[in-house]
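Structure first, commentary second.
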There are 4 protein chains.
Amino acid sequence: MTATAAQPLVLPGDDGTHATMRLLVACPDKPGIVAAVSRFLFDAGANILRSDQYSSDPTGGAFFLRMEFTLRHDQRADFAERFGHAVAERFDIAWRLWDADRPKRIAVLVSRYDHCLLDLLYRWKRGDLGGEIALVASNHADLRTPVEAAGVPYHHVPVARDDKPAAEARLLELLGAADLDMVVLARYMQILSGTFLERLGVPVINIHHSFLPAFAGAGPYERAKARGVKLIGATAHYVTEELDEGPIIEQDVIRVTHRDSAAELTRLGADIERVVFSRAVQWHCEDRVLVHGSTTVVF
Amino acid sequence: MTATAAQPLVLPGDDGTHATMRLLVACPDKPGIVAAVSRFLFDAGANILRSDQYSSDPTGGAFFLRMEFTLRHDQRADFAERFGHAVAERFDIAWRLWDADRPKRIAVLVSRYDHCLLDLLYRWKRGDLGGEIALVASNHADLRTPVEAAGVPYHHVPVARDDKPAAEARLLELLGAADLDMVVLARYMQILSGTFLERLGVPVINIHHSFLPAFAGAGPYERAKARGVKLIGATAHYVTEELDEGPIIEQDVIRVTHRDSAAELTRLGADIERVVFSRAVQWHCEDRVLVHGSTTVVF
Amino acid sequence: MTATAAQPLVLPGDDGTHATMRLLVACPDKPGIVAAVSRFLFDAGANILRSDQYSSDPTGGAFFLRMEFTLRHDQRADFAERFGHAVAERFDIAWRLWDADRPKRIAVLVSRYDHCLLDLLYRWKRGDLGGEIALVASNHADLRTPVEAAGVPYHHVPVARDDKPAAEARLLELLGAADLDMVVLARYMQILSGTFLERLGVPVINIHHSFLPAFAGAGPYERAKARGVKLIGATAHYVTEELDEGPIIEQDVIRVTHRDSAAELTRLGADIERVVFSRAVQWHCEDRVLVHGSTTVVF
Amino acid sequence: MTATAAQPLVLPGDDGTHATMRLLVACPDKPGIVAAVSRFLFDAGANILRSDQYSSDPTGGAFFLRMEFTLRHDQRADFAERFGHAVAERFDIAWRLWDADRPKRIAVLVSRYDHCLLDLLYRWKRGDLGGEIALVASNHADLRTPVEAAGVPYHHVPVARDDKPAAEARLLELLGAADLDMVVLARYMQILSGTFLERLGVPVINIHHSFLPAFAGAGPYERAKARGVKLIGATAHYVTEELDEGPIIEQDVIRVTHRDSAAELTRLGADIERVVFSRAVQWHCEDRVLVHGSTTVVF
């Protein structure tokens, strides 16, 4: 085994009697929500590890809350049901409860660029990702070796130019059988149809190799070179039917100069892409990202 | 009047019937604090605008909470007293309550460099600072003109090399008479004694022209040039008796190269100093900084 | 006078016998240019202080060179003429020679936001700009006071919605009489016509409050908020007839979160705008920016 | 093979008739150097691809020049000898000539952290490094698998606490037999003696996990947490006998908050370490770094 930089935190209840849970809440803002949720958690014997909240508009917009807490196992059985009755219904809350010990199951779609995929595999192996890579599928055969070396199944699903629906059907079959929590596009150079996304039924995260909304679509580094920008960037976002228009999770940039050719922008940009992509996937795995219309709240 | 970029938010209660308050809480971490505080605020009819919290150690460290909320004026009278009895005593809470409508009164100490002072005056005039500049004192006469042009009293308090106590006594007299909430050192090139700080009795923020703890003390740009660093920085921190050792509020850096002389580092660094300094002062004015041992929690 | 951070360099020839010159060269790339230019300078007794060059394409593109050097006054008289004959004609060089002791004369156009204007005035007064503010013109009367306090003439040139040509004619008259080297738009909220730019005959630099090409046009902060970007930026560029499409000189960004309203983006962005703008103007004043098609080379 | 982002540039002479060369020059600054060097290259039929120069002090300091150019193979034979006679001796030039087609041979020393090592291997495999990994040696056995999977010999050289000289002797034997151009310490947690460095006879680059000179020595992330800094960094530098005091090649930082534990700083910092380290090694491989006293010039 390779050495890892991070040590797991020892949390209260790691004696096996407690679980660490994450509660995500979204609802119309009104007084009393925090009091009700925190009272409920206190009565259930929960110990709050971290809490974040956001009101989109103090005069009455949307309210978002994320609470991470430990809970005795004997309190877990009907915790969700009780929370639904006691709190969620009263405040018209959309909510989600996640057991932090259960990693998100992730499928990776990739084409031929390997930097985002390899970085994700690396962080998973280090124990930093908060998820597990269940499978990799690609429209090319190129990346089979490193994926299988990591112990992950690699599926080659070619995409015929004149029969994309067949490829999507094959992918849906594959992904549907894998009990996934999310799908991530690690530079997957194919556009997914709205039908596909709908049938998939789990969140999809894409990395785009520009600072969106600049240079949406194809060839962003070539267009960045032609426009003469002084910074290039990368954007991780949830995928929606509209290309490169989904809610942005994370972005970052790197400084470039007139000396850098489009090929060098591609090389430099790869360092930003992989970091932005991995951050976004990790944050999603840790339930730190909530969608708010066409934007995100990141706690 | 000059144009300003920002428009004031219209908050609930800006009809004059409500006040915006900020509550800061620090105490030993234990279950039930958030439930108790949020219940108390709910019962008092408060509307929470923003809430942030931090547990230094989930297994039992320090707990910090900042809540910003609106309150009806008729609830304000005995709000503090009731909070003390109902919540603070029960959880052994150190707390502070601040009326957001009341700007912090600030004295600025400065020597001859003007960039931090002028930036602060500018933000104050724009309405972005959250505080008001009550007076400026300096060991030099140089900066009288721009300060008085801003309508602020300028006091020249020379510091004789062989009689610093006399200068500190004169400063204490001046500052003590000004009903201050804080003192800020906008490149004040004099070391303040522990006795002075103790008698002053309000927080003091300093800007140091390096990325602390690198280059603490005199001549940081010259030493940065000699060491050949590739980034230079600035650090805003609370002043303690030990020079450049107080809790850090904010830091930032800027990239430099071998081409930049110490004089150019000084020029480039000034842009970072003024921004880091103004941010730190603004955050303090907004009650977003809590001291935690030798460090800070910034909400 | 206020204290300044920077000390002037003492250069060879500052005894008054030498001048510091800058030579800018652009031509088709071919072997021997550097040898010819550097030989010419050596023979003229010049001492090269700094030299930068760039080949857009090693297989035969454009070549750019900037040389800064000292020259004895008795060599200056026919230096340009001799360079033209001996070197420039031979290599088909477009070139420019500038005496570094002569500051660029700048006119500032501004509307109501003051942050870019004030920062420029400040740097000029510090001696950091490499140019001098000859006049300020505005379509509003708001900023007269600080401009006149800096000793600069302020011209109020209202722009009637239905008679923009009249305003442009008045501006041309004003600017034409001022012996200018450049015009800068410090948040001037008016579009200048192609005819105006052509008649003006000097370079124009604009600051746009977004990371171009994202959010070109009106309301970039509102659109940034709606799109949910995680970084906002500013772009300084040469003005061409096509809005926000001119060659980019400098860009920078700052991190924002879901918590920041459009008003807060405006406030935070102002700090980036003024720095990006001042850098671009300073670099132009120092003859460090060459236009290369729709992009720039910045030495 | 994995896909790679970058395409090789097609340079003049890539028909096999030309070589790409890099000439590094350091000497006391005086007039005529550039004219002499560029004239020599022109006469030799060289085509300059890129040229950078730096004068440490225009009034008479050190002068540094890097020129990258193509040369016909039939000109290469005695090029160095001719340059020595015609130019170098005349200007008292210390110089180095490097054939860009010849990758630097690199040995990596590593302990148990794998992130810097793996990133270097990855860039080498992509063809981005400008060097080749000749061998890896470690005081631990942990990282054998990924190194050997990359086709690189892995040598386990344990370091006994009471017999470091034996380990250094074994390392010197290993490294001495490998015809190396440089040695890099990819988080090698052992201090190398001055004797070892001297006998090694090639440059050594280290990555230190702090923003030097802050937190030199052991435990920088723990000390960064204790001091409460708001940014953490990494520094790549040439190794000298004095620990963490060698000339800095590259540094970068990342923002952190009070929420980040020392373990999280370690995790976040790893992303900066690997990028800073790989950049520094690549720049050295490309002959872009010159040592200037206790600092570097990076072209």
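All of the numbers you see were taken from the coordinates with simple rules; none came from a lab. If you're wondering where the values come from, they're calculated on a predicted model, not measured in any experiment. Counting neighbours? That spans all protein chains shown, and the Cβs are built from the backbone with ideal geometry, glycine included.
Just tell me how shielded D:112-121 is by partners: mean number of partner chain Cβ atoms within 10 Å of each residue's Cβ, no decimals.
Values: counts 5, 4, 7, 6, 0, 1, 3, 3, 0, 0.
Shielding by partners across D:112-121 averages 3.
Most mobile of D:177, D:46, D:100 per a Gaussian network model of chain D (Cα springs, under 10 Å)?
D:177
For region D:118-140 and region C:56-97, compute the distance between their C-alpha centroids and round to whole Å.
Their Cα centres are 44 Å away from one another.
Give the long-range amide H neighbours of residue A:258: residues separated by 5 or more places, or on another chain, with amide H under 5 Å away, using H modelled in the peptide plane at 1.01 Å from N.
For residue A:258, whose amide H was placed from the backbone, the distant partners under 5 Å are C:298.
Order of C:211, D:215, D:79 from fewest to most other C-beta atoms within 10 Å?
Ordered from fewest to most neighbouring Cβ atoms within 10 Å, C:211, D:215, D:79 come out as D:79, D:215, C:211.
Charges at C-beta only: +1 for Lys and Arg, -1 for Asp and Glu. How large is the resulting dipole of region D:155-245 about its Cα centre, in Debye rounded to 20? Write down the numbers at each step before the final one.
Working: 9 positive and 12 negative charges, 124 e Å.
So the dipole magnitude of region D:155-245 works out to roughly 600 debye.
For chain C, modelled as a Gaussian network with Cα springs under 10 Å, which listed residue fluctuates most, C:26, C:280, C:236?
Between C:26, C:280, C:236, it is C:26 that shows the largest mean-square fluctuation.
Could you go through region D:179-190 in sequence order and give the Karplus-derived ³J(HN,Hα) for each residue, using 6.51 cos²θ - 1.76 cosθ + 1.60 with θ = phi - 60°, rounded to whole Hz, and x for Gly and Pro?
In residue order, the calculated couplings are 6, 8, 9, 6, 10, 10, 9, 8, 6, 9, 8, 10 Hz.
Dividing the convex hull volume of the Cα atoms of the protein assembly as shown by its residue count, what figure in Å³ per residue is obtained? Show your work: numbers first, answer last.
On the way: hull volume 240.6 nm³, N = 1196.
Taking only Cα atoms, the protein assembly as shown has a hull volume of 201 Å³ per residue.
Taking +1 at the Cβ of each Lys and Arg and -1 at the Cβ of each Asp and Glu, which of C:167, C:115, C:157 sits farthest along the dipole of region C:104-298 towards its positive end, judged by Cα position relative to the Cα centre?
Toward the positive end, the furthest listed residue is C:115.
How many nanometers, to one decimal and shortest first, lie between the label point of residue C:257 and those of its other copies, if labels sit 7 Å from Cα toward Cβ?
Once sorted, the set of distances for residue C:257 reads 0.3, 3.5, 3.5 nm.
Run the simple label-point estimate for residue A:74 and residue D:148 please: 7 Å along Cα→C-beta, distance reported in nm.
5.2 nm
With a length cut of 27 Å (Cα positions projected on each helix's long axis) and a Kyte-Doolittle mean of at least -1.0, go through chain C and give me the DSSP H helices that pass.
On the way: long enough: C:262-285 (33 Å, 0.15).
What comes out of the filter, once short or polar helices are dropped, is C:262-285.
At a Förster distance of 30 Å, what's the computed FRET efficiency of residue D:160 paired with residue D:226, Cβ-Cβ distance as r, to 0.05?
Working: r = 32 Å, r/R0 = 1.06.
E(calc), rounded to 0.05, equals 0.40.
Can you list the HN-Hα couplings for region C:57-65, worked out from phi with the Karplus curve (6.51, -1.76, 1.60; θ = phi - 60°), rounded to whole Hz and with x for Gly and Pro?
Listing the rounded values in order: 7, x, 8, x, x, 9, 10, 10, 9 Hz.
Can you list the distances in nanometres, one decimal and ascending, from the residue A:227 label point to the identical position in each other copy, with the point 7 Å along Cα to Cβ?
Spelled out, the distances from residue A:227's label point are 0.8, 3.8, 3.9 nm.
Once amide H atoms are placed 1.01 Å from N in the peptide plane, what residues at a sequence separation of 5 or more from residue B:249, or on another chain, have their amide H within under 5 Å of its amide H?
The answer is B:236, B:237, B:238.
Ranking D:258, A:209, C:85 by Cβ neighbours within 10 Å, fewest first, what do you get?
Numbers: D:258 18, A:209 26, C:85 11.
Fewest-to-most ranking of D:258, A:209, C:85: C:85, D:258, A:209.
Quick one: Kirkwood hydrodynamic radius for chain C, alpha-carbon pairs, angstrom, one decimal?
On the way: mean 1/r = 0.0477 Å⁻¹.
Kirkwood hydrodynamic radius for chain C: 21.0 Å.
Out of B:265, B:176, B:297, whose Cα points farthest toward the positive end of the dipole of region B:104-298 (charges: +1 Lys, Arg; -1 Asp, Glu; placed on Cβ)?
Checking the options against the dipole of region B:104-298, the answer is B:265.
How big is the charge dipole of the protein assembly as shown about its Cα centre, in debye rounded to the nearest 20, if each Lys and Arg gets +1 on its Cβ and each Asp and Glu gets -1 on its Cβ?
Numbers: 132 positive and 160 negative charges, 0 e Å.
It comes to approximately 0 debye.
Which one, A:158, A:103, A:58, has the greatest fluctuation when you compute a Gaussian network model over chain A with C-alpha springs under 10 angstrom?
Comparing A:158, A:103, A:58 in the GNM, the peak value goes to A:58.
Please average, across the residues of D:56-66, the number of beta carbons from any other chain that are within 10 Å of each residue's own beta carbon, and give a whole number. The partial results should precede the final answer.
Values: counts 3, 3, 13, 8, 2, 0, 0, 1, 1, 1, 0.
Whole-number average of other-chain Cβ neighbours for D:56-66 is 3.
Defining the label point at 7 Å along Cα→Cβ, can you sort the distances from residue C:144 to the same site in each other copy, shortest first, in nm?
Counterpart label points of residue C:144 in the remaining copies fall at 2.9, 7.9, 8.5 nm.
Once Lys and Arg get +1 and Asp and Glu get -1 on their Cβ, which of A:75, A:37, A:63 lies farthest toward the positive end of the dipole of region A:18-99?
A:75
Simple spin-label model, 7 Å along Cα-to-Cβ: residue C:90 to residue D:90 in nm?
In this crude label model, residue C:90 to residue D:90 measures out at 1.6 nm.
Under 24 Å Cα to Cα from residue D:225, which lysines show up? Leave out anything in the same chain fewer than 8 places away.
Candidates past the 8-residue exclusion: B:30, B:230.
Averaged across the residues of C:243-250, what count of C-beta atoms belonging to other chains lies within 10 Å of each residue's C-beta?
Details: counts 0, 0, 1, 1, 2, 5, 2, 2.
Neighbouring Cβ atoms belonging to other protein chains average 2 per residue here.
Got a sec? How would D:172, C:290, A:118 order by Cβ neighbour count within 10 Å, fewest to most? Working shown, then result.
Working: D:172 15, C:290 23, A:118 20.
Placing the least packed residue first, the sequence is D:172, A:118, C:290.
Whole-Hz ³J(HN,Hα) for each residue in region A:241-256, computed from phi via Karplus 6.51 cos²θ - 1.76 cosθ + 1.60 with θ = phi - 60°, x for glycine and proline: what do you get?
Once θ is set to phi - 60°, the couplings for region A:241-256 become 5, 8, 4, 6, 10, x, x, 7, 9, 7, 9, 7, 9, 9, 7, 10 Hz.
What dipole magnitude, in Debye to the nearest 20, does chain A give about its Cα centre under +1 on Lys/Arg Cβ and -1 on Asp/Glu Cβ? Before the final figure, lay out each step's value.
Numbers: 33 positive and 40 negative charges, 140 e Å.
Dipole about the Cα centre, nearest 20: 680 debye.
Cα atoms only, region A:18-99: Rg and Dmax in Å?
12.2, 40
For residue B:137, list long-range residues whose amide hydrogen, built 1.01 Å from N in the peptide plane, is under 5 Å from its own amide hydrogen.
B:108, B:109, B:110, B:155
Which aspartates and glutamates have a Cα lying under 12 Å from the Cα of residue B:125, excluding residues fewer than 8 positions away in the same chain?
Qualifying aspartates and glutamates at Cα under 12 Å: C:114.
Ignoring everything except DSSP H segments at least 4 long, calculate the 222 nm mean residue ellipticity for chain C; use -39,500 (n - 2.57) per segment, divide by total residues, nearest 500. Write out the running numbers ahead of the final one.
Working: 9 runs with 90 residues, N = 299.
Result for chain C, helices only: -9000 deg cm²/dmol.
Distance in whole Å from the A-onto-C rotation axis to the closest C-beta of chain A, together with the residue it belongs to, please.
A:214, 2
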